[in-house]
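All remarks here apply to the structure that follows.
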Amino acid sequence: MRFYFDSLSDFVQMGTHGPYVWASFGITWGVMAYLLLSPWLRQRRWLRQQRARVRRDQAAKSAQR
Amino acid sequence: MASWQWFHRLGSPRWFYHKTGPWLPWLTVVALTLLVVGTVWGLAFSPADFKQGNSYRIIYIHVPAAFLALAGYYVMAICGAVGLIWKMKLAFMVMKAAAPIGAALTFVSLVTGAIWGKPTWGTWWEWDARITSMLILLFLYLGIMALQSAFQSREAADKSSAILALVGTVNIPIIYKSVDWWYTLHQPASLKLTSAPSIHSSMLYPLLLMIVGFYVFYALVLLLYTRLEIVKREARTGWVKELVNHEGTSGGPSDGLSKEDR
């Protein structure tokens, strides 16, 4: 197995097909990064919000006493 | 009935959440390794196609994305059926989680197909049977996402989405058979279970790597979306409250195990 292209610029251009290939891979990796990060970040935010609510409730309770 | 115990356990969101937590880092490493190796191999090391030139390299993402767009529909429809028949809460959560992932992968296969079509067929879009049935698949996914947010009642949203998902399975064999029934523009399958693949091994191996990588990635993302859905729907239960309190300062969704669960 060896590098198929003659040079790095040849690799980037891929004949005339470079823009099509790179755009396809760019969009795909972008969508996949979103799929991976979005639920992870949303869950982290949700847990943070819940924790803040619990703390607020506890503070309110102790203030009443 | 001991043999059914696993089935009841599987119906418990709490058990599922704690069971799948430790899998996440492994799945992430395996999926990313396969996808990176497959991408580099497919882009830089496999030869160009003698007819299509370098544009064929789009196959390394287009075919796996389309595979998972279809497999994801099975997952969603089967979960919908399980939820309707056995009233399993977890099945509806997985069904809901599967919809945005399936929609994203269908979108990827349509967009990469359009980009591939331009240098190969000379057009971005054609109302070809395969392309049209994939577009219908995208609308089915989007329809289920819309139904999920259209109802006040959780139960009505789940039941109606499950019914739409089941009705939509009619589209799946049409997608598979479209390239044979209407031989229009889209090329027939390069990979078939029943016969030898019609592509050379130097192109087949990176493609297989990408397909396996997409499957593992799908499993990972489905778990992440399902786990998010679980904590949101079970927010009032004791174990989620405990999770909120115990989850230290790191706060990552993967470390949701309390000591007694380990």
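Within the stretch B:147-156, does at least one residue satisfy the condition of being hydroxyl-bearing (Ser, Thr, Tyr), farther than 21 Å from B:VAL111 by Cα and assigned to a helix (DSSP H, G or I)? Yes, that holds for at least one residue.
Exactly one condition in (1) under 25 Å from B:PHE45 (Cβ atoms); (2) surrounded by 11 or more Cβ atoms within 10 Å (Cβ to Cβ); (3) modelled with pLDDT of 90 or more is not met by A:ARG48; state its number. Of the numbered conditions (1) under 25 Å from B:PHE45 (Cβ atoms); (2) surrounded by 11 or more Cβ atoms within 10 Å (Cβ to Cβ); (3) modelled with pLDDT of 90 or more, the odd one out for A:ARG48 is (1). Out of all the residues in the stretch B:16-75, which are of a type in the set (S, T, N, Q) and within 10 Å of another protein chain (Cβ to nearest Cβ)? Hits for the stretch B:16-75 are B:THR28, B:THR39, B:SER46, B:GLN52, B:ASN54, B:SER55.
Every residue, every condition in (1) surrounded by 14 or more Cβ atoms within 10 Å (Cβ to Cβ); (2) farther than 13 Å from B:ASN54 by Cβ; (3) within 7 Å of another protein chain (Cβ to nearest Cβ), yes or no:
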| position | (1), (2), (3) |
| --- | --- |
| A:PHE3 | no, yes, yes |
| A:TYR20 | yes, no, yes |
| A:ILE27 | yes, yes, yes |
| A:LEU35 | yes, yes, yes |
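Contact annotation: residue pairs with Cβ atoms under 7 Å, 6 or more positions apart or on different chains, pairing a residue in the stretch A:40-57 that is closer than 17 Å to B:LEU220 by Cα with a partner that is among the β-branched types (Val, Ile, Thr) and in a helix (DSSP H, G or I), are A:GLN43/B:VAL231.
Output the residues belonging to the stretch A:10-65 that are of a type in the set (A, V, I, L, M) and touching a helix residue (DSSP H, G or I) at 6+ places or on another chain (Cβ under 7 Å). Reasoning before the result, please.
From the stretch A:10-65, those of a type in the set (A, V, I, L, M) are A:12, A:14, A:21, A:23, A:27, A:31-33, A:35-37, A:41, A:47, A:52, A:54, A:59-60, A:63; that's our starting set.
Scanning the stretch A:10-65 gives A:VAL12, A:MET14, A:VAL21, A:ALA23, A:ILE27, A:VAL31, A:MET32, A:LEU35, A:LEU36, A:LEU47, A:VAL54.
Just one residue in the set B:ASP158, B:ASP255 is at pLDDT below 90, within 30 Å of B:GLY80 (Cα to Cα) and not small (Gly, Ala, Ser); that residue is B:ASP255. Applying the set (1) touching a Phe, Trp or Tyr at 6+ places or on another chain (Cβ under 7 Å); (2) surrounded by fewer than 20 Cβ atoms within 10 Å (Cβ to Cβ); (3) closer than 29 Å to B:VAL212 by Cβ to B:PRO64 leaves exactly one unmet item: (2).
How many residues, within the stretch B:157-185, are in a loop (DSSP other than H, G, I, E, B) and either basic (Lys, Arg) or buried (at least 16 other Cβ atoms within 10 Å of the Cβ) (or both)?
Looking only at that region, the number is 2.
Among the residues of the stretch B:88-113, the ones that are at pLDDT below 95 and touching a Lys or Arg at 6+ places or on another chain (Cβ under 8 Å) come to 1 in all. Just so you know, in the stretch B:117-140 the residues that are within 17 Å of B:GLY72 (Cβ to Cβ) and in contact with a Ser or Thr (Cβ under 6 Å, 6 or more places away or on another chain) include one that is surrounded by the most Cβ atoms within 10 Å (Cβ to Cβ), and it is B:LEU137. Screening A:THR16 with (1) out of contact with any Lys or Arg (no Cβ under 6 Å at 6 or more places or on another chain); (2) at the interface with chain B (Cβ under 10 Å from one of its Cβ atoms); (3) assigned to a helix (DSSP H, G or I) gives one miss only, at (3). Of all residues in the stretch A:37-54, which are at the interface with chain B (Cβ under 7 Å from one of its Cβ atoms) and charged (D, E, K, R)? Matches in the stretch A:37-54: A:ARG42, A:ARG44, A:ARG48, A:ARG51.
Entry remark, the stretch B:75-93: residues being touching a residue at least 12 places away in the same chain (Cβ under 8 Å), surrounded by fewer than 22 Cβ atoms within 10 Å (Cβ to Cβ) and either over 16 Å from B:LEU223 (Cα atoms) or acidic (Asp, Glu) (or both) number 4 in total.
Evaluating A:ARG55 against the criteria (1) part of a helix (DSSP H, G or I); (2) of a type outside the set (Asp, Glu); (3) in contact with a strand residue (DSSP E or B) (Cβ under 6 Å, 6 or more places away or on another chain) leaves one unmet condition, (3).
The values are calculated or read from the model by the stated rules, or taken from the named source; none is laboratory data. Please read these numbers as outputs of a predicted model, since none were measured by experiment. Cβ atoms come from the backbone with ideal geometry, glycine included; neighbour counts cover every protein chain shown.
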